[in-house]
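Input: a single structure, listed below in structure tokens.
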């Protein structure tokens with residue numbers, strides 16, 4: 001079956017040049033193939049579009065009417081292709097970025113003003129959600145993922161480490177004592193993050209590879225890290241969370257980091273992911289490069305924190 005789009009291009013070129021052979025040469029095909037395209041188009045429409053003589057080819061009246069539509073369609077297609085090419089080469093349009101709620105509010109949103117000043121023709125649509133979104137099905141250009149990556153069909157770039165800390169408020173430690181060993185946590189109020197099996201409501205994992213587990217329990221569990229930090233600040237219990245959530249309160253003395261006999265679990269890090277594409281659009285490349293430069297191996301949220 002002949003390609004209908006190519007048939008339209010052949011017809012428009014024949015109308016422009018007045019010659020099937022000239023149209024064929026201009027489009028890089030044989031005259032026989034150009035003739036087949038025209039014949040297939042006339043058969044499909046049930047109309048004669050061209051008058052053919054030994055000297056030239058002219059349009060029939062239906063052909064002239066049809067040419068107006070064909071030229072408009074080909075023009076719109078060319079504009080659409082040019083627009084897409086520009087998006088791939090220029091940082092324009094709208095970029096839809098999905099990010100976890102706490103990280104997005106604390107670390108992404110505050111620096112987007114700088115990114116927008118660098119790329120004023122781009123609009124960022126920031127979606128905050130702690131569930132793992134489907135980039136392709138839901139139409140996201142990129143997403144921020146923290147922890148283990150579970151989508152091999154995506155391209156990922158590591159933006160920064162994600163280090164964990166255990167901490168509690170001074171008021172809690174005064175009232176309940178300071179745990180020195182991982183095993184001691186079983187006797188304390190531990191505030192569990194329900195979206196993570198490693199830092200959850202019933203067990204916490206320690207050791208770089210997570211090989212040391214301890215059963216924990218507490219009077220509060222939540223699916224948002226900021227909610228757990230707020231409870232810890234109020235003296236409700238111990239939290240086991242990433243440093244971007246705990247850093248400001250530890251530096252201010254509102255939370256105290258706990259040194260236990262096993263180090264925290266080593267997390268894979270903070271990644272930007274996008275759909276598999278050999279050359280992603282310029283807007284995606286620009287955002288990921290910007291975030292990588294702003295975060296890096298020693299991100300700002302880790303400043304002056306006590307890591308093992």
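The values are calculated or read from the model by the stated rules, or taken from the named source; none is laboratory data. Note that the structure is a prediction, hence the values are computed from the model and not measured. Heads up, the Cβs are rebuilt from the backbone with ideal geometry, glycines too, and the neighbour counts pull from every protein chain shown.
For the range 275-308, the set of residues classified as outside the structural domain of residue 145 (by TED's automatic domain parsing) and out of contact with any helix residue (DSSP H, G or I) (no Cβ under 9 Å at 6 or more places or on another chain) consists of 308 only. If you go through the range 131-173 and keep only what is in contact with a helix residue (DSSP H, G or I) (Cβ under 6 Å, 6 or more places away or on another chain) and surrounded by fewer than 18 Cβ atoms within 10 Å (Cβ to Cβ), you end up with just 157. When the range 258-274 is examined, which residues are found to be surrounded by fewer than 16 Cβ atoms within 10 Å (Cβ to Cβ) and either touching a helix residue (DSSP H, G or I) at 6+ places or on another chain (Cβ under 9 Å) or farther than 22 Å from residue 160 by Cβ (or both)? Correct list: 259, 261. Within the group 272, 231, 201, which residue is over 28 Å from the mean Cα position of the chain (by Cα) and closer than 30 Å to residue 135 by Cα? Selected residue: 201, the only one of 272, 231, 201 that is over 28 Å from the mean Cα position of the chain (by Cα) and closer than 30 Å to residue 135 by Cα.
With respect to residue 242, determine if the residue is surrounded by fewer than 16 Cβ atoms within 10 Å (Cβ to Cβ) and within 20 Å of residue 162 (Cα to Cα). For residue 242, the condition - surrounded by fewer than 16 Cβ atoms within 10 Å (Cβ to Cβ) and within 20 Å of residue 162 (Cα to Cα) - is not met. Taken over the range 46-72, residues that are surrounded by 11 or more Cβ atoms within 10 Å (Cβ to Cβ) and either touching a residue at least 60 places away in the same chain (Cβ under 8 Å) or over 12 Å from residue 8 (Cα atoms) (or both) amount to 14. Within the range 128-151, is there a residue that is closer than 15 Å to residue 241 by Cα and assigned to a strand (DSSP E or B)? Yes, the range 128-151 contains a residue that is closer than 15 Å to residue 241 by Cα and assigned to a strand (DSSP E or B).
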